[in-house]
Amino acid sequence: MSLRKLNQLNLGHNRLTGQIPALFSTEMNNLDLSNNLLSGAVPPQLGLLIINVFNVSNNHLSGCIPDTLDNPAYKESFVGNPRLCGGRNLMLPSCSSAHKLQPHSLASILLPPLLIVFVILACIYLHCSSQRKPINAPSWKMTPFHSTEVDEKYILRNLKETNVIGSGGAGKVYKVILQNGQAVAVKKIWKISGSRGIFKRKSDEEGNKMGEVEVDTLGLIRHTNILKLLCCISSEESDFKLLVYEFMSNGSLFERLHCGQGPEVALQWRKRYEIALGAARGLSYMHHDCSPPILHRDVKSSNILLDADFGAKIADFGVSRLLDCLGEDYPVSSYVGSHGYIAPEYADRLKVNEKSDVYSFGVVMLELVSGMKATGEAEYGEGVDIVDWIHNRILMGGGEIAVMDERTVEDNCIEQMIRVLHLGLVCTNRFPNQRPSMKKVLEVLRRCGRDNSKETIVHLERISTTHNENDIEMVYFSDEPS
């Protein structure tokens with residue numbers, strides 16, 4: 001069957017045998033093959049997908065985990081496969097000391113010819129290197145956007161596997177320490193389509209345009225809550241370009257919320273509130289203060305990065321669009337974004353406007369209050385995301401306290417958490433015209449930070465006329481005292 005446009009696939013608990021196919025839809029963002037009898041290796045092509053939920057646990061898989069899947073977000077995705085190895089971020093055994101799949105006799109037969117081939121290839125490489133003229137080497141150009149001491153040759157020399165700090169559909173990200181001691185993050189983006197490129201699912205022309213969006217957008221933005229693009233390094237002779245960013249030592253909000261091991265490493269509420277406020281400042285600036293305004297289109301907790309002081313910065317503008325070019329409810333030709341964060345009108349009709357970003361930010365606020373992921377929590381049940389789960393818990397009589405992250409609940413911050421929770425529900429209203437603008441969201445968040453405020457920031461009203469207790473709506477903001 002054709003998998004070319006498939007977005008979600010759940011074949012768990014089916015006792016399927018054989019190997020995992022290498023070809024899946026490039027639109028795939030939810031893949032569950034858990035609890036089967038699948039064998040063989042994990043195809044490296046899966047690491048090229050921009051995938052949100054991925055699970056191949058409890059099978060008979062073997063071999064090394066592809067580097068592109070060595071991500072803490074997938075730490076539960078490979079459990080129950082004792083013959084898998086590699087993945088230093090996944091707590092799996094090293095492949096060098098893992099199960100030896102080949103007998104010693106076979107190794108003794110293959111080793112001599114392999115050594116001979118290696119020596120021949122090494123000689124050819126050395127000969128070609130000695131004959132190569134300097135004029136054939138790529139001529140690299142650095143385009144700076146901020147005052148920086150980045151040296152393109154030094155950056156290129158330090159793109160080593162030992163310096164990789166992240167990977168995914170957009171390529172690998174490296175941490176490089178400059179000569180002056182400053183740490184930077186370097187994103188390597190392929191400029192052409194192909195098996196290695198991030199634009200495999202696009203035509204060459206459209207893929208190259210996507211690669212330029214982030215440079216064009218971030219190169220012009222100056223805001224403390226938007227990730228700073230220091231420079232771009234490119235060459236006409238090379239098939240990739242490098243984007244050099246300021247380094248964010250505390251990683252992403254997703255990692256801090258969902259990859260910790262206990263309450264001692266959990267983000268406390270005060271920091272969570274400041275993160276929400278900082279991210280709202282960045283998005284409000286994009287929507288209301290940029291000329292032309294900018295739509296992000298992929299707001300999620302993994303695209304909110306945290307600096308050494310846990311200051312929030314919006315990142316990853318690879319799919320952003322300029323609002324004045326789009327117009328009101330602009331129809332887009334391709335499905336972008338991440339499962340669990342996509343506004344209903346976007347998922348159903350491929351219509352986007354600034355209220356789509358507001359919905360996604362509302363999901364992030366619900367994550368901050370509850371400590372739960374946008375999707376994929378066992379507590380949700382099949383087909384339920386964080387928005388539906390919180391609505392259901394409140395309507396079943398549990399109240400707001402029932403959905404709060406117990407690791408962060410303190411007597412002196414419960415009222416503030418309730419207000420941010422309500423604001424998140426307002427922002428995730430299924431009707432775009434009933435969601436506030438990011439400017440209003442920022443204003444309300446600031447009010448939530450007033451310790452002695454007696455204002456009712458949002459009002460939660462149960463809709464009784466439908467006679468459906470599961471239908472809940474956030475109906476209005478109020479500037480009047482409650």
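Taking (1) modelled with pLDDT of 95 or more; (2) within 12 Å of Arg297 (Cβ to Cβ) in turn, Val363 satisfies each apart from (2). Of all residue pairs spaced 6 or more apart or on separate chains, none has beta-carbon atoms under 8 Å together with a first member in the stretch 262-277 that is more than 21 Å from Gly362 (Cα to Cα) and a second member that is modelled with pLDDT of 85 or more and crowded, with 17+ Cβ neighbours inside 10 Å. Do we find a residue being assigned to a strand (DSSP E or B), at positive phi and at pLDDT 65 or above anywhere in the stretch 141-155? Checked against the condition, which is being assigned to a strand (DSSP E or B), at positive phi and at pLDDT 65 or above, the stretch 141-155 yields no hits at all. Within the stretch 276-299, the set of residues being among the charged types (D, E, K, R) and either at pLDDT below 95 or open to solvent by less than 10 Å² (accessible area, probe 1.4 Å) (or both) comprises Asp289, Arg297, Asp298. When the residues of the stretch 360-386 are filtered to those that are assigned to a loop (DSSP other than H, G, I, E, B) and among the acidic types (Asp, Glu), the one that is most open to solvent (accessible area, probe 1.4 Å) is Glu382. The residues listed here are Glu410, Glu406; of these, the one that is farther than 23 Å from Gln8 by Cα and without any contact (Cβ under 8 Å) to a residue 40 or more places away in the chain is Glu406.
Note on the stretch 234-275: residues that are modelled with pLDDT under 85 and more than 25 Å from Lys187 (Cβ to Cβ) total 7.
Could you tell me whether Gly47 is at negative phi, open to solvent by less than 20 Å² (accessible area, probe 1.4 Å) and of a type in the set (Gly, Ala, Ser)? Spell out how you get there, then give the answer.
Working: at negative phi: yes; open to solvent by less than 20 Å² (accessible area, probe 1.4 Å): yes; of a type in the set (Gly, Ala, Ser): yes.
The answer is yes for Gly47.
If you check Ala315 against the conditions, is it at pLDDT 95 or above and either closer than 25 Å to Tyr174 by Cα or open to solvent by 30 Å² or more (accessible area, probe 1.4 Å) (or both)?
Numbers: at pLDDT 95 or above: no; either closer than 25 Å to Tyr174 by Cα or open to solvent by 30 Å² or more (accessible area, probe 1.4 Å) (or both): yes.
For Ala315, the condition - at pLDDT 95 or above and either closer than 25 Å to Tyr174 by Cα or open to solvent by 30 Å² or more (accessible area, probe 1.4 Å) (or both) - is not met.
Listed by first and then second residue, the pairs linking a residue in the stretch 51-76 that is more than 22 Å from Thr26 (Cα to Cα) and open to solvent by less than 30 Å² (accessible area, probe 1.4 Å) to a residue that is of a type in the set (S, T, N, Q) and part of a loop (DSSP other than H, G, I, E, B), with Cβ atoms under 6 Å apart and 6 or more places separating them unless they lie on different chains, are Asn59/Asn36; Asn59/Asn81; Leu61/Asn81. Here Ile401 fulfils each of the conditions (1) open to solvent by less than 50 Å² (accessible area, probe 1.4 Å); (2) part of a helix (DSSP H, G or I) apart from (1). For the stretch 411-432, taking the residues that are closer than 21 Å to Arg446 by Cβ and among the charged types (D, E, K, R), the one that is surrounded by the most Cβ atoms within 10 Å (Cβ to Cβ) is identified as Arg419.
The values are calculated or read from the model by the stated rules, or taken from the named source; none is laboratory data. Not measured: the values here are computed from a predicted model. A quick note on method: Cβ atoms are made from the backbone with ideal geometry, for glycine too, and the neighbour counts reach across all protein chains shown. For the accessible areas, the whole protein counts, side chains as well, though only heavy atoms, and no ligand, DNA or RNA atoms are used. Shrake-Rupley method; radii C 1.70, N 1.55, O 1.52, S 1.80 Å.
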